[in-house]
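To start, the structure itself, in structure tokens.
The values are calculated or read from the model by the stated rules, or taken from the named source; none is laboratory data. Since we're looking at a predicted model, the values are computed, not measured. Neighbour counts are summed over all protein chains in view; Cβ atoms, including those assigned to glycine, are modelled from backbone coordinates with ideal geometry.
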Amino acid sequence: MIQFDSGSFRDRTSRVFLRDNGVFRALTAESKAIWNKAAQSSFLQNLMASGLIVETEELSADQASSFLLPAEFVAILSHRRIPFVSYPYEWSFGMLRRAALDHLQILTEAVRSGFILKDASPYNVQFCGAQSVFIDLGSLIELAPGEPWSAYRQFCELMLFPLLLQSYRGVHFQPLLRAQLEGISAKQFMQWMRWRDLFRPGVFVNGWLQSALERNTQSLSTSTVRDLRSSGFHTSMIERMLQKLTRLVEKLKWTPARTQWTAYDTTLPHVADDLQAKSEFVAAVCRNKHRHLVWDLGCNDGRYSIIAAEHADLVVAMDQDHACIEHLYQTLATKKQSTILPLCVELANSSPALGWRGRERKRLEDRGRPELVMCLGLIHHLVLAGNIPLPEVIDWLASFGGEIILEFPSKDDSMVKALLRNKRDQYTDYSLERLEAELLKRFDISSCRPLPSGARTLFHAVPKTSSAVTE
Amino acid sequence: MNLTFAYFDPSAGSLLLQALVGGFGGIVVVGRYLWTQYLGSGATQPALTSSHEIPVHIPSR
């Protein structure tokens, strides 16, 4: 029997499963009937051709019969696979804004064609590199005349309010969305707003008014969906709302303040000295062979991700600095780059398993096995600022099962001195000798190169075979 | 065509809001809706959309 994806259970009419490296969606008779109509419509064909909606085709009855599906499912769709699944709490402001605009565009065109999306979750959008794509075709249903947009509140809670919070108040939405998978309620949103924010676009209507209406309609006993239709609600009202929301989201901006990391590679002398040598080292390792998945941990401006992407299907570029990831996303999106996926990840506290039974949203490490992990200018922050023992860091890097490129700054390095200037140096494990010893327990050191600044060393290490590790 | 309810509660407030920002026609819709909900007299009876739905009996006062 087919095992459905552990995150695909909320909508009983359309459920996703993986098999033989493919992504499939099982449809009930109800959702199959909708798919049959939608597949004939030009709006869906056009959006699929433009790349806004994931490429999808229905399996023939013969193909579908090879899957052992529960009896309620009658058809199977096959989707193009997303190379690396990411979640909204790992996206920068611009990425969530892109997801919101894509959603509004698809919804607008769907409504014009007599369809609507039954939910408004940013989890329905994924990124192939910096290119967004809508993946939840099961969300598409026929729009009954006079029926309002049921997912408006969900759109606000998971997309609009997080964007408004960051744009108007500079509050990063990522920790909020990670803690609250259902998003930010109108009431909670208004608690962040000052009175003068009521005059900023979108706050009064979508925040204050929605919160007030929710408060005053909780005791209603009849179906508002049905009552609104009988009171004359018209589809044009949804279209008008979507126009207003699109204009609002298009105007939202978040201009990140300069952080110590935004111009790190070009402002600090020791970094500038080493740039060329580091780039050459990374390029030499990367062109050695083509890899499917590379992780660049602490990617900063993505300089080395770009080098690695020349020889890889996908590079996931992670950094905890939101400004760096936003800059990188904007650069990549302008170039329509599809092989580098930038994500906001705090590596000492990366995305855990979340949701129902801890199975709904997978932890970062369970979403892909990188063949190469680049760890440049990072280990001193994990050990000396994050207080993680150096052997633990090496153990963690080894757990990915791939090769690593590691940069080690010694205690003579100016950044290391800066990290230690106001604290007790308890880090007896932080030395080149100890690093090499720890590496050799799990890896073979393929190459090693001191950098011109004199205080940093680069390593390329490949995992020992399992039998060698056991010995 | 039957109404298609979502698998989550959209909240009555967020639905009403869509009519409120829907221009003059929307204000009229909300007016009719409120008349139905709170005043009762001359109210529009909710339309039955399915043969499975049983009208709720409202006892006379």
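Let's see how each residue does on (1) farther than 22 Å from residue A:322 by Cα; (2) surrounded by 14 or more Cβ atoms within 10 Å (Cβ to Cβ); (3) more than 8 Å from chain B (Cβ to nearest Cβ):
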| position | (1), (2), (3) |
| --- | --- |
| A:173 | no, yes, yes |
| A:178 | no, yes, yes |
| A:194 | yes, no, yes |
| A:203 | yes, yes, yes |
| A:207 | yes, yes, yes |
| A:223 | yes, yes, no |
| A:227 | yes, yes, no |
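Across the stretch A:229-245, the number of residues qualifying as more than 7 Å from chain B (Cβ to nearest Cβ) and charged (D, E, K, R) comes to 1.
Is it fair to say residue A:101 is part of a helix (DSSP H, G or I), touching a helix residue (DSSP H, G or I) at 6+ places or on another chain (Cβ under 7 Å) and either within 24 Å of residue A:28 (Cβ to Cβ) or of a type in the set (A, V, I, L, M) (or both)? Answer is yes for this residue.
Any residue that is closer than 24 Å to residue A:102 by Cβ and in a helix (DSSP H, G or I) - is there at least one of those in the stretch A:2-23? The answer is no, given that none of the residues of the stretch A:2-23 is closer than 24 Å to residue A:102 by Cβ and in a helix (DSSP H, G or I).
Farther than 18 Å from residue A:369 by Cβ, within 17 Å of the chain's Cα centre (by Cα) and at pLDDT below 95 - does that describe any residue in the stretch A:286-293? So far as the stretch A:286-293 goes, no, none of its residues is farther than 18 Å from residue A:369 by Cβ, within 17 Å of the chain's Cα centre (by Cα) and at pLDDT below 95. The condition (being of a type in the set (Gly, Ala, Ser) and in a strand (DSSP E or B)) is satisfied by just one residue among A:26, A:33: A:26. Here the strands (runs of 3 or more DSSP E) wholly within the stretch A:401-471 that include at least 2 residues being within 30 Å of the chain's Cα centre (by Cα) are A:403-409, A:456-463.
Within the stretch A:130-142, is even one residue surrounded by fewer than 21 Cβ atoms within 10 Å (Cβ to Cβ), at positive phi and not in a helix (DSSP H, G or I)? No, the conditions are met nowhere in the stretch A:130-142. Residues in the stretch A:331-355 that are assigned to a helix (DSSP H, G or I) and surrounded by 16 or more Cβ atoms within 10 Å (Cβ to Cβ): A:331, A:332, A:333, A:347.
Name every residue in the stretch A:294-319 that is among the polar types (S, T, N, Q) and either in contact with a Lys or Arg (Cβ under 6 Å, 6 or more places away or on another chain) or modelled with pLDDT of 95 or more (or both), in order of residue number.
Of everything in the stretch A:294-319, just one residue is among the polar types (S, T, N, Q) and either in contact with a Lys or Arg (Cβ under 6 Å, 6 or more places away or on another chain) or modelled with pLDDT of 95 or more (or both), namely A:305.
The residues on offer are A:68, A:59, A:77, and the sole one that is of a type in the set (A, V, I, L, M, F, W, C), farther than 30 Å from residue A:325 by Cα and without any contact (Cβ under 8 Å) to a residue 40 or more places away in the chain is A:59.
Just need a number here: residues in the stretch A:210-221 that are surrounded by 16 or more Cβ atoms within 10 Å (Cβ to Cβ) and either more than 7 Å from chain B (Cβ to nearest Cβ) or closer than 20 Å to residue B:23 by Cα (or both). Adding up the residues that qualify gives 3.
Residue pairs whose Cβ atoms lie under 7 Å apart, separated by 6 or more positions or on different chains, with the first residue in the stretch A:134-147 and within 12 Å of chain B (Cβ to nearest Cβ) and the second aromatic (Phe, Trp, Tyr), are A:140/A:115; A:141/A:115; A:142/A:115; A:143/A:115; A:146/A:233. All of A:164, A:248 fail the test of being within 26 Å of residue A:10 (Cβ to Cβ), more than 9 Å from every other protein chain (Cβ to nearest Cβ) and either exposed (fewer than 15 other Cβ atoms within 10 Å of the Cβ) or not polar (S, T, N, Q) (or both), apart from A:164.
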